[in-house]
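The values are calculated or read from the model by the stated rules, or taken from the named source; none is laboratory data. None of the values given here were measured: they were computed from a predicted structure. Glycine gets a Cβ as well: all are built from the backbone with ideal geometry, and neighbour counts include every protein chain shown.
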Amino acid sequence: MAEKNASNEKMMAALAYFLGPVTGIIFLLMEKKNAYIRFHAMQSTIVFGAILLLNIILGIIPVLGWVVALVLSPLITLLSFVLWIFLMWKAYNGEKYKLPYFGELAEKQLAKLK
């Protein structure tokens, strides 16, 4: 039975990344006890929320922002996709992988929520 719970925990942690900040927030609201799932949900919310915000800002800034967005957007999209797959894989395999800066920030934010 413990193996089934561990498998379920890993799946839920991986799913916290599925729709970026959307599923991250949903899992933060739904899961109140499991620190592993909450960490991945918070990291997903922060990382992919920041990427989304960056894309919005680049799209809003007139002319220069559009040129930069046109050049950077495909690169940001590709890197985001690779990061998304990587983080889901790590979570599904039971690893609490902390991204530089964002992992520490996620832990600090979770500590504030307690």
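Yes or no, residue by residue, for (1) of a type outside the set (A, V, I, L, M, F, W, C); (2) crowded, with 16+ Cβ neighbours inside 10 Å; (3) modelled with pLDDT under 95; (4) farther than 18 Å from Ala111 by Cα:
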| residue | (1), (2), (3), (4) |
| --- | --- |
| Asn5 | yes, no, yes, yes |
| Asn8 | yes, no, yes, yes |
| Tyr17 | yes, yes, no, yes |
| Phe27 | no, yes, no, no |
| Glu31 | yes, yes, yes, no |
| His40 | yes, yes, no, no |
| Ser44 | yes, yes, no, no |
| Val47 | no, yes, no, no |
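Within the stretch 74-102, the set of residues being in contact with a helix residue (DSSP H, G or I) (Cβ under 7 Å, 6 or more places away or on another chain) and without any contact (Cβ under 8 Å) to a residue 24 or more places away in the chain comprises Tyr97 only.
One residue alone among Leu64, Leu58, Leu72 is at pLDDT below 85, farther than 19 Å from Glu104 by Cα, buried (at least 17 other Cβ atoms within 10 Å of the Cβ) and not basic (Lys, Arg), and that residue is Leu58. On inspection, Lys90 fails the criterion of being in a loop (DSSP other than H, G, I, E, B) and closer than 27 Å to Asn5 by Cα.
Of all residues in the stretch 38-56, those satisfying the criterion of being in contact with a helix residue (DSSP H, G or I) (Cβ under 7 Å, 6 or more places away or on another chain) and among the β-branched types (Val, Ile, Thr) are Thr45, Ile46, Val47, Ile51. For the stretch 75-93, the candidate set comprises residues that are under 18 Å from Gly49 (Cβ atoms) and among the aromatic types (Phe, Trp, Tyr); within that set, the residue that is surrounded by the most Cβ atoms within 10 Å (Cβ to Cβ) is Trp84. With respect to the stated conditions, Ala35 fails to be in contact (Cβ under 8 Å) with a residue 40 or more places away in the chain, crowded, with 19+ Cβ neighbours inside 10 Å and either among the small types (Gly, Ala, Ser) or at negative phi (or both). Figure legend. Inter-residue proximity from the stretch 103-114: first residues without any contact (Cβ under 8 Å) to a residue 12 or more places away in the chain, second residues surrounded by fewer than 16 Cβ atoms within 10 Å (Cβ to Cβ) and not aromatic (Phe, Trp, Tyr), beta-carbon distance below 9 Å, spacing 6+ or different chains. Indicated pairs: Glu104/Lys98.
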